[in-house]
Amino acid sequence: METSGKMKVVWLITERGDRSYWTRIGFGNVNRDGSINLALSAMPLGPGKIQVRDYTPRDADPQETPPPPSPRARPRPEPALAEPEL
């Protein structure tokens, strides 16, 4: 199948009043046989729809990439090991 290895994004769609709120709750991969494995980082509770969509670069979560270190950041010193007593 051509869909093998295609990445998916899992969304929770919650309706409140006249607005829809989309929350990314996980990702998925399409297997060779066409089935999909999902990995959820949140479990939906209450009313709402779950939608699985093809991944696009705009779906990238900015929190997944660590920010660059600040210029003032210093590495933590490693703790000194105590010498064994004889």
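Below are the figures for this structure:
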{"item": "15 Å beta-carbon shell around Pro47, net charge (K/R +1, D/E -1)", "result": "+2"}
{"item": "For segment 7-57: Kirkwood Rh in Å [reciprocal of mean 1/r, alpha carbons]", "result": "11.7 Å"}
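FYI, it's all coordinate maths here, none of it is from the lab. Owing to the predicted nature of the structure, the values given are computational and were not obtained by experimental measurement. Here Cβ is always computed from backbone atoms with ideal geometry, including for glycine, and neighbour counts include all displayed protein chains.
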